[in-house]
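**Student:** Dropping a structure here in structure tokens format, bear with me for questions.
The values are calculated or read from the model by the stated rules, or taken from the named source; none is laboratory data. Please read these numbers as outputs of a predicted model, since none were measured by experiment. Don't worry about glycine lacking a Cβ; one is built from the backbone with ideal geometry, like all the others, and counts go over all protein chains shown. The accessibility values were calculated without ligands, DNA or RNA, using every heavy atom of the protein model including side chains. Shrake-Rupley method; radii C 1.70, N 1.55, O 1.52, S 1.80 Å.
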Amino acid sequence: MTEAVPSYLSPTGQEVVFLLLGAVAVGSALLVVTTRQLVHAALWLVVSFGALAGSYLVLTAEFVAWVQVLIYVGAVVVLLLFGIMLTRAPIGRSADLDSGNRWVAVLVAVATAAVLVTVVVDGFRTAYAPLKPGHGAAKELGASVFSAWVLPFEALSVLLLAALVGAIVLSRTDIPGGSPSDQTGGH
């Protein structure tokens, strides 16, 4: 007996929740890039990452959802907020955050979204994969990462290490070129 493929006109509860979480993620991502307050942008980023983690839970990828919460929400956003506080960035509205290319950016964003939606809808129009619990477990993801994706994983780790070393070099003041006062002739 074959399983009937559900229609787009009668979505299941999981699909409705997934669409709602997607709408929250997209809406909060738009608020991240359109707000003029840096702290508000970081907080909207938390909402966007949280909605993405919820989407992973709906897709039965529990491990990826918790990694999303722990790494992105827990570490990246906290790091961003500490960076804002330690650099004494302006907390309120800032006119420096607007480059004046708003309409060009909107046009590029709408064109890119139209192309992506067209490609995804055309490519996956008839595809349907029923959600089965357990396919997002750590064992299966680890086996996939460390068997088929070892080289990209290691390349990413080297890239992150280079970024960390670069950040340390830029933050050191005893190295010539490490601080802004060295470049202005303040010896």
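**Student:** Nearest 0.05, what FRET efficiency do Trp103 and Phe146 give at R0 = 30 Å with Cβ-Cβ as r?
**Tutor:** 0.05
**Student:** For Val120 and Phe63, what does the FRET efficiency come to when R0 = 22 Å and r is the distance between their Cβ atoms, rounded to the nearest 0.05?
**Tutor:** 0.35
**Student:** Also: How big is region 34-80 along each principal axis, measuring the range of its Cα positions in Å and listing the largest first?
**Tutor:** The principal-axis extents, from largest down, are 36, 20, 8 Å.
**Student:** Students often check this: by mean Cβ neighbours within 10 Å, which of 51-60, 71-80, 150-159, 17-26 ranks highest, and how do the rest follow?
**Tutor:** Highest mean packing first, the order is 51-60, 17-26, 71-80, 150-159.
**Student:** Please calculate the 1.4 Å probe accessible area of Arg125, with all protein chains present, and give it to the nearest 10 Å².
**Tutor:** Arg125 exposes around 130 Å² with every protein chain in place.
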